[in-house]
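Have a look at the structure below before the remarks.
The values are calculated or read from the model by the stated rules, or taken from the named source; none is laboratory data. In this text, all values refer to a predicted model and were calculated from it rather than measured experimentally. Here the Cβ positions follow ideal geometry from the backbone for every residue, glycine too, while neighbour counts run over all protein chains shown.
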Amino acid sequence: MALLDVRDLRTEFRAARGSVTAVDGVSFSVDAGEMVALVGESGCGKSATAQSIMGLVVPPAGRVTGGQVLFQGQDLLTMKPRELRAVRGKGIAMIFQDPMTSLNPVLTIGKQLTESLRLHLGLGNRAARARAVELLETVRIPAPETRLGSYPHQFSGGMRQRVMIAMALSCEPRLILADEITTALDVTIQAQILELLRDLAGETGTAVLFITHDLGVVAGMAERVNVMYAGQIVERADTVDLFHRPQMPYTWGLLGSVPRLDQARGGRLRPIAGQPPELSDMPPGCRFSPRCVHAQDVCRRSPPTLTPVRGADDDPSRLTRCWGMQAVPEGGWLSLDDRYADQPTEEK
Amino acid sequence: MSEPTSAAAGAVAVAPPQDRPVLLRVRDLAVDFKVPVKGSLRAARLRAVAGVDLDVHRGEILGVVGESGCGKSTTGRAILQLLKPSEGTVAFDGVELTTLARGRMRAMRRRMQMIFQDPYASLNPRMTIGELIEEPLLVHSDATARERRAKALETMRLVGVSPHWHERYPHELSGGQRQRVGIARALVSNPEFIVADEPVSALDVSIQAQIVNLLESLQEELGLTMMFIGHDLAVVRHLCDRIAVMYLGTVVEIGDCESLYTRPRHPYTQALLSAVPIPDPLVEAERRRRILKGDVPSPLNPPTGCRFRTRCWKAQEICGTQVPALTAESTGHQVACHFPEEPGPESPAGT
Ligand SMILES: Nc1ncnc2c1ncn2[C@@H]1O[C@H](COP(=O)(O)OP(=O)(O)OP(=O)(O)O)[C@@H](O)[C@H]1O
Ligand SMILES: Nc1ncnc2c1ncn2[C@@H]1O[C@H](COP(=O)(O)OP(=O)(O)OP(=O)(O)O)[C@@H](O)[C@H]1O
Ligand code: SF4
Ligand SMILES: [Mg+2]
Ligand SMILES: [Mg+2]
């Protein structure tokens with residue numbers, strides 16, 4: 001049984017006219033101790049997915065309108081608030097992009113850490129304080145005893161993110177949702193934080209759902225990857241497979257858009273034309289079809305489903321949402337034979 | 001589209017960047033800010049740029065990289081005299097800008113423009129796209145309304161903004177389109193030199209690649225000279241001929257793109273390169289990272305000697321007592337370090 005099993009999740013937000021579906025039938029799973037990535041461009045629904053899992057999407061702003069979020073077999077979406085609180089503390093923890101929004105600016109770091117330890121683990125004052133010092137040490141904050149008395153604004157961005165990791169770890173969760181936790185940080189600080197998260201998750205066997213828009217970071221962190229586009233998962237694969245044998249034109253496009261430091265310079269980047277669709281104005285067929293150089297009539301007419309790729313028909317871990325990879329409604333296959341032409345890192 | 005520079009740029013385009021004539025020469029540039037101190041009436045002096053030397057050659061793209069707060073934007077703004085330098089000189093095409101009279105500076109300004117990171121903040125929401133693009137012409141030329149409109153439309157075409165947008169407003173545009181408008185505003189007065197301050201940092205990768213390609217082709221077509229400020233080292237390498245690495249208000253290394261990336265000499269450059277993720281899991285699995293300890297010190301109280309020494313694994317006593325000077329090597333590569341890496345065998349980023 002997967003630790004987290006998200007099935008056909010659907011989340012709507014209130015918009016100027018009616019509502020928009022930001023998460024539209026998203027399914028994926030995370031096994032115990034595993035690091036799984038959710039990657040995609042701005043607005044594709046990554047945070048909305050994480051917030052739905054955590055029960056943070058609440059009316060009137062929005063609501064989860066369908067699906068299941070099974071955590072250790074129990075559906076979080078049908079749980080009572082009390083049970084949910086218990087899961088949120090000890091089972092799942094979330095770290096956000098901007099630690100300032102989740103840290104209380106008028107309380108010291110020590111107060112916030114011990115508070116959470118007392119609440120979730122039932123520790124006494126003294127024990128909580130000792131544990132807090134230990135945690136700050138674990139996340140490699142120098143002079144932790146004295147740092148307990150500092151306020152969030154006295155910490156740098158990297159240090160605040162360490163504190164958030166410490167808080168997330170404090171209750172020994174089984175799963176951490178990490179939403180763009182290094183996006184606001186400089187690259188040398190990002191390297192520190194990623195190493196820290198990788199080490200600590202490895203040591204404690206904590207599973208991580210790692211949300212980012214940065215393919216480079218995904219390559220170094222995740223074991224499996226889910227690519228999102230316009231509210232849906234469009235490709236899923238093992239990390240090596242995704243980068244070396246991407247199957248969906250959107251994924252090729254993403255990989256072709258980023259220059260690589262380890263490859264010879266020269267040649268133009270191969271961007272994806274256009275921009276993602278508005279949630280309120282989704283194309284009828286494949287959501288990527290207006291930007292896809294391979295799009296054919298069927299793509300513009302009917303939406304493809306997320307299915308196993310050709311040649312791996314029984315492998316549920318290798319999926320794409322593309323007519324080029326599955327039998328079309330009229331029967332037979334689309335020919336996207338030139339698709340490897342713009343594929344950046346085809347392996348021999 | 002522009003006459004003045006294309007001849008010169010065309011003639012030198014084949015020469016390696018460091019052999020082309022210098023268009024911009026910056027020496028000992030320093031910029032101070034006054035910042036309030038808690039519990040004191042006197043402001044403290046924050047030296048955001050602390051003695052920067054740079055040459056930008058005609059027709060090249062010079063990249064400027066470094067972490068947040070290291071003074072990249074301040075350097076760019078001080079070069080364009082949008083901020084008054086506290087010390088140092090900035091010579092553009094042989095004319096010293098820091099002492100130039102107002103009127104003559106205004107004439108120079110047409111030749112040097114800036115592209116900003118945040119296309120949202122830098123476009124007046126109450127002006128149409130057409131007005132926004134024509135605006136610099138009102139300031140910098142005596143073109144008639146008709147000429148301005150024609151020029152604006154021509155520039156819109158050049159940067160890939162459909163003429164249909166002429167009468168529309170910025171909020172109707174996507175982020176990528178807005179950045180194109182920002183680029184059009186910078187280009188419409190036919191400048192020779194552009195400071196592009198993180199023009200793609202706020203964009204999604206697929207849009208970012210479109211803008212990077214646009215800047216590349218514009219630079220070639222128009223023979224522009226550019227200073228490209230960025231924090232994505234892979235993008236900067238892709239686009240630039242030479243790169244300057246900044247740390248806490250100083251330039252620690254400058255070199256042509258290839259030698260800087262394959263044989264970084266300054267420890268900070270090495271660490272910076274090794275921290276950049278590479279979108280390939282097989283490569284990532286093999287990489288040995290040089291992870292820096294700690295954070296960048298406060299510019300209010302920078303370390304003595306070499307400013308990088310508090311995070312440097314090579315630091316010795318001399319690093320605390322003597323500021324290492326930016327020293328040129330025979331190759332044109334410059335580095336400011338008491339113990340630079342030998343220019344030995346290739347050590348590609350990350351190993
Ligand atoms: N509270 C809200 N009210 C209305 N719309 C929302 C709300 N939160 C998110 N949305 C919309 O839902 C869509 C998905 O947003 P989400 O924040 O999940 O994107 P994301 O993939 O996390 O993007 P980013 O990389 O920018 O964080 C967006 O179009 C967004 O505008
Ligand atoms: N107007 C100002 N008043 C006071 N301090 C300032 C001002 N502008 C910049 N600084 C300070 O000067 C230093 C350099 O800032 P600058 O914006 O040039 O950095 P940067 O390298 O462009 O960083 P980023 O990558 O975040 O854009 C920073 O310490 C910053 O806090
Ligand atoms: S379904 Fe068609 S339009 Fe969509 S990604 Fe595949 S080929 Fe492109
Ligand atoms: Mg998000
Ligand atoms: Mg800046």
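Inspect all residues belonging to segment A:35-42 and state whether any of them is surrounded by fewer than 22 Cβ atoms within 10 Å (Cβ to Cβ) and part of a strand (DSSP E or B).
No.
What are the residues in segment A:181-223 that are more than 13 Å from chain B (Cβ to nearest Cβ) and acidic (Asp, Glu), if any?
If the condition is that a residue be more than 13 Å from chain B (Cβ to nearest Cβ) and acidic (Asp, Glu), then A:Glu203 is the only one that fits.
Could you please let me know if A:Thr138 is of a type in the set (S, T, N, Q), under 16 Å from A:Arg10 (Cβ atoms) and in contact (Cβ under 8 Å) with a residue 60 or more places away in the chain? Give the derivation first.
On the way: of a type in the set (S, T, N, Q): yes; under 16 Å from A:Arg10 (Cβ atoms): no; in contact (Cβ under 8 Å) with a residue 60 or more places away in the chain: yes.
Judged against the criteria, A:Thr138 is not a match.
For B:Asp118, which of the numbered conditions (1) surrounded by 15 or more Cβ atoms within 10 Å (Cβ to Cβ); (2) in contact with a helix residue (DSSP H, G or I) (Cβ under 6 Å, 6 or more places away or on another chain) fails to hold?
Only one criterion in (1) surrounded by 15 or more Cβ atoms within 10 Å (Cβ to Cβ); (2) in contact with a helix residue (DSSP H, G or I) (Cβ under 6 Å, 6 or more places away or on another chain) is unmet by B:Asp118, namely (2).
Of the conditions (1) within 12 Å of chain A (Cβ to nearest Cβ); (2) under 25 Å from the mean Cα position of the chain (by Cα); (3) surrounded by 23 or more Cβ atoms within 10 Å (Cβ to Cβ), B:Asp280 satisfies every one except a single condition; which number is it?
(2) is the only condition that B:Asp280 fails.
Looking only at segment B:18-35, which residues are out of contact with any His (no Cβ under 6 Å at 6 or more places or on another chain), at pLDDT below 95 and surrounded by 17 or more Cβ atoms within 10 Å (Cβ to Cβ)?
B:Gln18
From the list A:Gln232, A:Gln154, A:Gln190, which residue is assigned by TED's automatic domain parsing to the domain that holds A:Pro303 and either within 16 Å of ligand 4 (Cβ to nearest atom) or not aliphatic (A, V, I, L, M) (or both)?
On the way: A:Gln154 fails: assigned by TED's automatic domain parsing to the domain that holds A:Pro303; A:Gln190 fails: assigned by TED's automatic domain parsing to the domain that holds A:Pro303.
Just a single option satisfies the conditions, and that option is A:Gln232.
Condition (residue is polar (S, T, N, Q) and more than 21 Å from A:Ser29 (Cα to Cα)) applied to segment A:81-99: is it met by at least one residue? First the steps, then the outcome.
Pass one, segment A:81-99, residues polar (S, T, N, Q): A:97.
If we keep only those that are more than 21 Å from A:Ser29 (Cα to Cα) as well, we get A:97.
Within segment A:81-99, one or more residues are polar (S, T, N, Q) and more than 21 Å from A:Ser29 (Cα to Cα).
For segment A:248-274, what are the residues that are over 19 Å from B:Pro277 (Cα atoms), assigned to a loop (DSSP other than H, G, I, E, B) and under 20 Å from the mean Cα position of the chain (by Cα)? Don't jump to the end; show me each part of the working.
The first filter runs over segment A:248-274 and keeps only residues over 19 Å from B:Pro277 (Cα atoms), leaving A:248-250, A:266-268, A:270-274.
Pick out the ones that are also assigned to a loop (DSSP other than H, G, I, E, B) and you get A:248, A:266-268, A:270-274.
Of everything in segment A:248-274, just one residue is over 19 Å from B:Pro277 (Cα atoms), assigned to a loop (DSSP other than H, G, I, E, B) and under 20 Å from the mean Cα position of the chain (by Cα), namely A:Met248.
Which one of A:Val58, A:Val106 is in the same structural domain as A:Thr212 (by TED's automatic domain parsing) and without any contact (Cβ under 8 Å) to a residue 24 or more places away in the chain?
Details: A:Val106 fails: without any contact (Cβ under 8 Å) to a residue 24 or more places away in the chain.
None of the other options fit; the residue is A:Val58.
To keep it simple, each residue is scored yes or no on (1) at pLDDT 95 or above; (2) buried (at least 17 other Cβ atoms within 10 Å of the Cβ); (3) assigned to a strand (DSSP E or B); (4) within 11 Å of chain A (Cβ to nearest Cβ).
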| site | (1), (2), (3), (4) |
| --- | --- |
| B:Ala244 | yes, yes, yes, no |
| B:Val251 | yes, yes, yes, no |
| B:Ala285 | no, no, no, yes |
| B:Pro302 | no, yes, no, no |
| B:Arg307 | yes, yes, no, no |
| B:Val323 | yes, no, no, no |
| B:Glu346 | no, no, no, no |
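Across segment A:45-67, which residue is surrounded by the fewest Cβ atoms within 10 Å (Cβ to Cβ) among those that are of a type outside the set (Val, Ile, Thr) and away from ligand 1 (no atom under 12 Å from the Cβ)?
Taking segment A:45-67 and keeping what is of a type outside the set (Val, Ile, Thr), we get A:45-48, A:50-52, A:54-56, A:59-63, A:66-67.
So of that shortlist, the ones also away from ligand 1 (no atom under 12 Å from the Cβ) come out as A:54-55, A:66-67.
Numbers: A:Met54: 18, A:Gly55: 18, A:Gly66: 15, A:Gly67: 19.
Within segment A:45-67, the match that is surrounded by the fewest Cβ atoms within 10 Å (Cβ to Cβ) is A:Gly66.
One residue is enough: does segment A:270-282 have a residue meeting the conditions within 14 Å of another protein chain (Cβ to nearest Cβ) and at positive phi?
Yes; the residues of segment A:270-282 include at least one that is within 14 Å of another protein chain (Cβ to nearest Cβ) and at positive phi.
Determine, yes or no, whether B:Thr144 is at pLDDT 95 or above and more than 16 Å from ligand 3 (Cβ to nearest atom). Write out each step before concluding.
Values: at pLDDT 95 or above: no; more than 16 Å from ligand 3 (Cβ to nearest atom): yes.
In short, no.
Scan A:Ile189, A:Ile109, A:Ile165, A:Ile193 and give me the residue that is in contact with a Phe, Trp or Tyr (Cβ under 9 Å, 6 or more places away or on another chain) and either within 16 Å of ligand 1 (Cβ to nearest atom) or not small (Gly, Ala, Ser) (or both).
On the way: A:Ile189 fails: in contact with a Phe, Trp or Tyr (Cβ under 9 Å, 6 or more places away or on another chain); A:Ile165 fails: in contact with a Phe, Trp or Tyr (Cβ under 9 Å, 6 or more places away or on another chain); A:Ile193 fails: in contact with a Phe, Trp or Tyr (Cβ under 9 Å, 6 or more places away or on another chain).
Unique residue meeting the criteria: A:Ile109.
Could you grab me the full set of residues in segment A:89-101 that are within 19 Å of A:Ala201 (Cβ to Cβ) and assigned to a helix (DSSP H, G or I)? Write out each step before concluding.
In the first step, residues of segment A:89-101 are kept if they are within 19 Å of A:Ala201 (Cβ to Cβ); the result is A:89-97, A:99.
Those that are within 19 Å of A:Ala201 (Cβ to Cβ) and assigned to a helix (DSSP H, G or I): A:Gly89, A:Lys90, A:Gly91, A:Pro99.
The rows are residues; the columns are (1) within 19 Å of A:Phe288 (Cα to Cα); (2) within 16 Å of ligand 4 (Cβ to nearest atom).
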{"site": "A:Val6", "(1), (2)": "no, no"}
{"site": "A:Ser42", "(1), (2)": "yes, yes"}
{"site": "A:Ser47", "(1), (2)": "no, yes"}
{"site": "A:Met54", "(1), (2)": "no, yes"}
{"site": "A:Thr65", "(1), (2)": "no, no"}
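Restricting to segment B:266-277, what's the tally of residues that are surrounded by fewer than 24 Cβ atoms within 10 Å (Cβ to Cβ) and either touching a Pro at 6+ places or on another chain (Cβ under 6 Å) or more than 12 Å from every other protein chain (Cβ to nearest Cβ) (or both)?
Total satisfying the criteria: 1.
Consider segment B:181-220. How many of its residues are within 14 Å of chain A (Cβ to nearest Cβ) and either over 18 Å from the mean Cα position of the chain (by Cα) or of a type outside the set (D, E, K, R) (or both)? Spell out the reasoning first.
In the first step, residues of segment B:181-220 are kept if they are within 14 Å of chain A (Cβ to nearest Cβ); the result is B:198, B:200-220.
From what is left, the residues that are either over 18 Å from the mean Cα position of the chain (by Cα) or of a type outside the set (D, E, K, R) (or both) are B:200-215, B:217-219.
Result for segment B:181-220: 19.
Which of the numbered conditions does A:Phe28 fail, given that it passes all the others? Conditions: (1) within 16 Å of ligand 4 (Cβ to nearest atom); (2) more than 14 Å from chain B (Cβ to nearest Cβ); (3) not small (Gly, Ala, Ser).
Result: A:Phe28 fails condition (1) only.
Do you know which residues across segment A:236-281 are of a type in the set (Ser, Thr, Tyr), within 26 Å of B:Leu173 (Cα to Cα) and in contact (Cβ under 8 Å) with a residue 40 or more places away in the chain? Step through it out loud before you land on a result.
First, the residues of segment A:236-281 that are of a type in the set (Ser, Thr, Tyr): A:239, A:250-251, A:257, A:280.
Those still in the list that are within 26 Å of B:Leu173 (Cα to Cα) too: A:250-251, A:257, A:280.
Within segment A:236-281, A:Tyr250, A:Ser280 qualify.
Go through (1) assigned to a loop (DSSP other than H, G, I, E, B); (2) over 30 Å from A:Ser150 (Cα atoms) one by one and return the number of the condition A:Gly67 breaks.
(1)
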